[in-house]
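Asks: Okay, handing you the structure first.
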Amino acid sequence: MTDGGSAIVSAEHVVTPDGVLEPGWLEVADGRIAAVHPGRSQAPAAHRARWALPGFIDMHVHGGGGASFTEGGPDDARRAAAFHRAHGTTRIVASLVTAPLAELERRSAMLAELAEAGVIDGIHLEGPFLSAARCGAQNPRYLTLPDVAAFTRLQAASRGWLRMITIAPELPGALEVIRAAAAAGVIAAAGHTDASAETTAEAIAAGVSHATHLFNGMRPIRHRSPGPVGALLDHPVTCEVIADGSHLDDLIVRLAARAAGPGNLVLITDVMAAAGMSDGDYRLGELDVTVSAGVARLAEPEGGGLGSIAGSTATMELVVRRAITAVGLPVADVAAAASTTPARRLGLDGVTGSLRAGLAADIALLDEDFRLQAVIARGERHQPAA
Ligand SMILES: [Zn+2]
């Protein structure tokens, strides 16, 4: 946008933590939001839009734009991050899937370097301590029982950048790893789990504070056996939802939003390399995935037919628009779920996640149909992807 200078961003609706300014404007200087004002600025605006929201923060994403965090090298990871930035995601947590421990250590070390370089904002380990019964697109070969020593090795390899680990709470040893993660400041998330509601509640008491893609990869909620979904929604934990229209019915997203409350819903993409790619064949970890009509499924499932959904091909731009227009959530609640709440969970709330003076100028500018018009990341403008 500018080289250390200042610029004005104006919008008909500016979503701030204290309410929506209609209209409002922001002063951006040196990569930060210098001030937020109601009304119209006297000086001309460098950027105008219908809506200004905080830049999106995706805390569960495996790749994008044909590149992956689970395969390939640092340049692939950079490409994936750039792809998502072009869709409004100004901060990203790279998610690894179940793999041999040594491989997870190697990839965590590589991602830690990228976090130090500011390309990503942390690492999420989705595995290897997951339920074989609910493993979805995770490779069952490398699932292992929860083990504090293994967790400690993975944490050391990530050099302080491990932000979250997804665990199935019913596995033997899970509570110990959950306690170790929570004590280390790593979000312990319940996911890919076949646990009962009781076991899930025990895990929450031990330190689980987050749900990995609520409903997907979990024992379903039933009226006489509420399972992990019931327990997670019954406690004040943050809950991820994939609001892409294929992983969850829009009505279910609406119910989850109401049950979790506006401060506890988190919109994610859970997207793999195929985000933004046309139909075809891709890799997720060691598994082959086929994208057809925008939905990624495991290729060649046993017995034929359709394979397990293997992660979405969505972007944050898409799930945000869908949460507003199809699910019908208030825009301010969607901004919280797409940015403010993940920032808080990642310990970034003093850095980003709100349109507030002093924070990084991470801003998503949307038109009247909630389509992305421009992205400002750390004060620099990026054109949206077509
Ligand atoms: Zn995932």
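The values are calculated or read from the model by the stated rules, or taken from the named source; none is laboratory data. Remember, predicted model here, so these are calculated numbers, not experimental data. Note that each Cβ is placed from the backbone with ideal geometry, even for glycine, and that neighbours are counted across all protein chains shown. Accessible surface is based on the protein model in full, side chains and every heavy atom, while ligands, DNA and RNA are left aside. Shrake-Rupley method; radii C 1.70, N 1.55, O 1.52, S 1.80 Å.
Asks: Give me the net charge for the shell around ARG134: Cβ to Cβ below 13 angstrom, other residues only, Lys and Arg +1, Asp and Glu -1.
Replies: Values: positive: ARG219; negative: GLU126, GLU170, ASP194.
Within the 13 Å Cβ shell, the charges total -2.
Asks: Per residue, what volume in Å³ does the Cα convex hull of the range 149-259 take up?
Replies: Numbers: hull volume 11.1 nm³, N = 111.
Each residue corresponds to 100 Å³ of Cα convex hull volume.
Asks: Rg and Dmax in Å for the range 203-271, alpha carbons only: what are they?
Replies: 11.3, 33
Asks: Still on this structure, please answer the following. Between HIS37 and LEU145, what is the label-to-label distance in nm when each label sits 7 Å out along the Cα-to-Cβ direction?
Replies: Result for the modelled spin labels: 6.4 nm.
Asks: So for the pair ASP75, SER225, with labels modelled 7 Å out along Cα→Cβ, what separation do we get in nm?
Replies: Label at ASP75, label at SER225, 5.1 nm between them.
Asks: If you build the Cα gyration tensor of the range 91-152 and take the root of 5 times each eigenvalue, what three semi-axes come out, in whole angstrom, biggest first? Before the final figure, lay out each step's value.
Replies: Numbers: eigenvalues 103, 33, 16 Å².
So the three semi-axes of the range 91-152 are 23, 13, 9 Å.
Asks: Which value, in Å², gives the accessible area per residue of the chain when a 1.4 Å probe is used on the protein heavy atoms? Can you show the working numbers first?
Replies: Numbers: 14760 Å² over 386 residues.
Solvent-accessible surface per residue comes out at 38 Å².
Asks: Exposed loop GluC sites (Glu not before Pro) only (DSSP loop, at most 14 other Cβ atoms within 10 Å): please give the longest stretch of the chain free of them, not including the sites. Intermediate values should be presented prior to the final figure.
Replies: Values: sites that count: GLU302, GLU368.
Here the longest segment lacking exposed loop sites spans 1-301.
Asks: Counting only protein heavy atoms and a 1.4 Å probe, tell me what percentage of the chain's accessible area is made up of carbon and sulfur. Working shown, then result.
Replies: Values: 7280 of 14760 Å².
The computed percentage sits at 49.
Asks: Let me know the charge dipole size of the range 84-236 about its Cα centre in debye, to the nearest 20, where only the beta-carbon of Lys, Arg (+1) and Asp, Glu (-1) is charged.
Replies: Values: 13 positive and 13 negative charges, 59 e Å.
With only Lys, Arg, Asp and Glu charged at Cβ, the dipole is about 280 debye.
Asks: Still on this structure, please answer the following. Ratio of Rg to Rh for the range 131-178, alpha carbon only, Kirkwood? Spell out each step's value before the answer.
Replies: Details: Rg = 11.3 Å, Rh = 11.7 Å.
So for the range 131-178, dividing Rg by the Kirkwood Rh gives 0.97.
Asks: Return an integer: the convex hull volume of the alpha-carbon atoms of the range 1-74, in Å³ per residue.
Replies: Values: hull volume 9.9 nm³, N = 74.
Value for the range 1-74: 133 Å³ per residue.
Asks: Between GLU368 and ALA259, what FRET efficiency follows from the Cβ-Cβ distance if R0 is 35 Å, with the result rounded to 0.05? Mind showing how you got there, number by number?
Replies: On the way: r = 30 Å, r/R0 = 0.86.
Result of the calculation: an efficiency of 0.70.
Asks: Express in nm, to one decimal, how much length is gained between GLU116 and VAL351 on full extension, taking 0.36 nm for each residue of separation and deducting their alpha carbon distance.
Replies: On the way: separation 235, 0.36 × 235 = 84.60 nm, distance 1.54 nm.
Full extension of this stretch gives 83.1 nm more.
Asks: What's the whole-number percent of alpha carbon pairs in the chain lying beyond 41 angstrom? Walk me through the numbers on the way to the answer.
Replies: Working: 6979 of 74305 pairs.
It works out to 9 percent of all Cα pairs.
Asks: Which residue, PRO54, PRO140, PRO330, has the most motion in a Gaussian network model of the chain that connects Cα atoms within less than 10 Å?
Replies: Fluctuation is largest for PRO330.
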